[in-house]
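Beneath this line is the structure, given in structure tokens, with notes to follow.
The values are calculated or read from the model by the stated rules, or taken from the named source; none is laboratory data. The structure displayed is predicted, hence computed values, not measured ones. FYI the Cβ positions are ideal-geometry reconstructions off the backbone, even for glycines, and counts take in every protein chain you see. Just so you know, the surface numbers come from the protein's heavy atoms only, side chains and all, with ligands and any DNA or RNA stripped out. Shrake-Rupley method; radii C 1.70, N 1.55, O 1.52, S 1.80 Å.
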Amino acid sequence: MGGLLHLLPAFVIVFIDMTSQQAMVMLKALFQGSPDASFRVRLWDGTEETVGSDPRCTLVFRDAGTFASLMRSKDIYQFCVAFVEDRFDIEGDIFAALRLRNLLSSVDVGLKAMLKMMWTLGFTRSRHTKDADQKNVQAHYDVSNDFYKLFLDTRVMAYSCAYYHTPTESLEDAQTHKVDLICRKLRLQPGERLLDIGCGWGGLLIHAATHYGVIGHGVTLSKNQYDLAIQRVAEAGLSDKITIELRDYRDLADASFDKIASVGMYEHVGIGKYPEYFGAMHRLLKEGGLFLNHGITRKKHMPFNGEPRFIFTYIFPNAEIDNISHTQAVMEDMGFELLHMECLRPHYQKTLTEWATRLMANESRALSLVSKPVYRAWKLYLAGLPGAFEDGSISVCQVLASKKASGLANVPLTLKEVYRA
């Protein structure tokens, strides 16, 4: 049991920072093995849900703190005090409600149940609210634009896997190849509307508008990225073709995009949020539109060892990576037809090696921009991660999908146009 003690702080945080969604998940996890449990619950924000099949009473919790303390203690006396102080109420059959006290006292909230609840809550699922996601993205991307310029390519400024045509070509050429590959997979045509989710510093949109004549729209949660992307679009003379917003993808309402790209962004979404994420992509596309999702994946049964914990704490706060088979299954569940999947693992191993080399060559400049601990964390991250791509424990995949319409998907019979030199 001692080896599991490191999990307790996270469980305490879940209790302290309780949301109504988490509360409902917790109640279901606690009572799902109790066939006699039957009641309704109404929480502090008006959320209601039924536990069991024939509820005769409603338990009303006025605030998150009361709910957390009562569920943690299971103390009937504390329930009574909370009732007297009107922090907890009962509606409907009070006798049926009071009979629940025996059920409550029998609920197992020992270590096994605690771990089950934490797993059900997704451990990180609670962190993927809009506010939390914005803070996490800004913690990662708002380090300094000048810091990223020390190791990214100077042309696209892409913080995602490059696409090398030869082993010896430059990072600049390989990143240009990558954004062009995406444009060709999406079959971009002049006048089409392209949405870039997590658009970074605008490199894909600038390339697509310049070479394919699209009307581009990008969203990011990073203020630094937003500011520089706006500047780069203006410098390219494309302000009439490209718009950038500081906005969460969940707040987008315009459902008239012909094509959507998401490149190196869905790692921040949270696996438990995939249905919401892919559902939003499906909703925002026109019928028959194409969607390309590009992101890091993991081997299906990869253990969660110290390396990912370090990266998801110091580099990508609360990020999560999924196996590609599950990702594609969720995409299908959300209505997408899967057209093509490509693994770019060797390309990312080479990309990361180049990034690490460039960063270390600019150590003195980096230390003038960020603190020494931040620099050392990034140095360790960029230098260590290529090995994980080399041994295959993690990878990166592009999935092309279509929003199903009547008839066949609007794509060529072959991929010869996609992979032209």
Gyration tensor (alpha-carbon) shape descriptor, region 140-267, a/c threshold 1.5: oblate
Dipole-positive endmost among Ile321, Ala280, Ser256 within region 229-321 (Cβ charges, Cα centre): Ile321
Region 201-259-region 33-101 distance, computed between alpha-carbon centres (Å): 48
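Of all the accessible heavy-atom surface of region 183-232, with the other protein chains kept in place and a 1.4 Å probe, what percent is carbon and sulfur?
Looking at region 183-232 in its full context, I get 52 percent from C and S.
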Distance from region 153-199 to region 317-393 (C-alpha centre basis), Å: 16
Heavy-atom accessible surface of region 235-330: percent carbon and sulfur, 1.4 Å: 54
Cα-based shape type of region 185-237, given that a ≥ b ≥ c are square roots of the gyration tensor eigenvalues and the cut on a/c is 1.5: oblate
Accessible area per residue in Å² at 1.4 Å probe, computed on region 371-421: 57
HN-Hα J in Hz across region 340-353 - Karplus 6.51, -1.76, 1.60, θ = phi - 60°, x for Gly and Pro: 6, 10, 10, 8, 10, 3, x, 5, 6, 4, 6, 4, 5, 4
Stokes-Einstein D for region 298-421, Kirkwood Rh over Cα pairs, 4 °C, 1.567 mPa s (µm²/s): 75
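What is region 227-383 by shape, rounded, prolate or oblate, if you read a ≥ b ≥ c off the alpha carbon gyration tensor as root eigenvalues and call it rounded for a/c under 1.5, prolate for a/b larger than b/c, and oblate otherwise?
oblate
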